[in-house]
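Here the structure is laid out as structure tokens; the discussion comes afterwards.
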Amino acid sequence: MPQTATAPTSTAIQQTDFLPLEGTDYVEFYVGNAKQAAHFYKTAFGFQSLAYSGPETGVKDKVSYAIRQNKLTFVFTTALRNNSTIAQHVHVHGDGVKMLALRVPDASSARHETTTRGAESFLEPVTLKDEFGEVVMSGIRTYGETVHLFIERKNYKGAFMPGYREWKTLYNPPQTGLLYVDHCVGNVGWNQMNKWVKFYQDVMGFKNILSFDDSDISTEYSALMSKVMSSGNGYVKFPINEPAEGKKKSQVEEYLDFYNGEGCQHVALATHDIVDTVTQLQNRGVEFLKVPTTYYDDLQQRVGKIDEDISSLKELGILVDRDNEGYLLQIFTRPVEDRPTLFFEIIQRKGAKSFGKGNFKALFEAIEREQAARGNL
Ligand code: FE2
């Protein structure tokens, strides 16, 4: 069978990988007001106007804005009528992630391979065409009401996809250095983590690359368990959290309460210069979780020598963790909507392939302080 891979090693991987993934294509949010959401993410996070879909492009029941920053594409979709599954989704969950769309070489094969392994179909393969070419799209359901779309766009040259027109605006705030999706975390219900680990193993061919139990991730009150699932090539990583028993309510339970079910907890966005990116984000109004400044007192001892100036990290509240392969820098936003549900992580990896286990205690204590302030601990 002919292979298009450039290196012999990846040829071997492709032959055994029934679901080759080329990365995250886009993340689509169902929201109450897509126009204002797109404005917020342009203004606060530095996304650029990309494409628009709505009544003017022949779509009568919904409006979508696609925005982009480097390899990151977000889509915000809102219903125009109340008798809509999108309106219902927003009513139940608030604003949240609906589609984690993955780029594939063959969307029909992706749906076939996953549904024959037990996935529930969301969308039969459809070919969308316009004057710029065609996109083939299919989809399966994952936890909660969340969906994985498979996007095949090798024969498309337009701004985003058929059904959209290029969106040009006079208001174009500069980018902030956000590059691509590093990972997307799902929160699932009590005792549901292993079910979804098995789903990603069996249905999508992912591997469990890391596990954290409640002895790793437990503070005085709030506890969770987590397993990190990765595609064979590592381009797509989905950690899965479930709540664990603690003295008081788990942060995952608070999410499940307010999202009314399982869903995407956070999307981690990569940068090559976290100090610069976070400085810009803070200046534009993005709010971050704060750890006590004592976190920085023994930072050098814990993580060894790092390139960054510790006083800058301390000023911004950026956390550092080291593993066998290097270190990483990370920081978490506060929830980006009024319900305590979705938030973002900003991450810079300097060799480390892990997820900041050394920061869990400081971080979760910061989350608990906010949970307590909301009366949800
Ligand atoms: Fe994360």
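The values are calculated or read from the model by the stated rules, or taken from the named source; none is laboratory data. The structure presented is a predicted model; accordingly, all values stated were derived computationally and were not measured. Cβ sites come from the backbone with ideal geometry, for glycine too, and all protein chains shown count toward neighbours. Areas reflect the complete protein model, heavy atoms only, side chains present, ligands, DNA and RNA absent. Shrake-Rupley method; radii C 1.70, N 1.55, O 1.52, S 1.80 Å.
A few remarks follow.
- Nearest-20 debye value, the chain charge dipole, Cβ charges on Lys, Arg, Asp, Glu: 560
- Anisotropy class of segment 10-166 from Cα gyration tensor, a/c 1.5 cut: prolate
- Tensor-based shape of the chain (alpha-carbon gyration tensor, a/c under 1.5 rounded, otherwise prolate or oblate): rounded
- Under the shape rule built on the C-alpha gyration tensor, where the axes satisfy a ≥ b ≥ c, segment 136-192 is oblate, since a/c reaches at least 1.5 while a/b does not exceed b/c.
- R339 - accessible surface, heavy atoms, 1.4 Å probe, Å² rounded to 10: 70
- Percent carbon-and-sulfur accessible area, the chain, ignoring ligands, DNA and RNA, probe 1.4 Å: 49
- The chain - accessible surface per residue (Å², probe 1.4 Å): 45
- Rounded to the nearest 10 Å², the accessible area of E113 at probe 1.4 Å: 50
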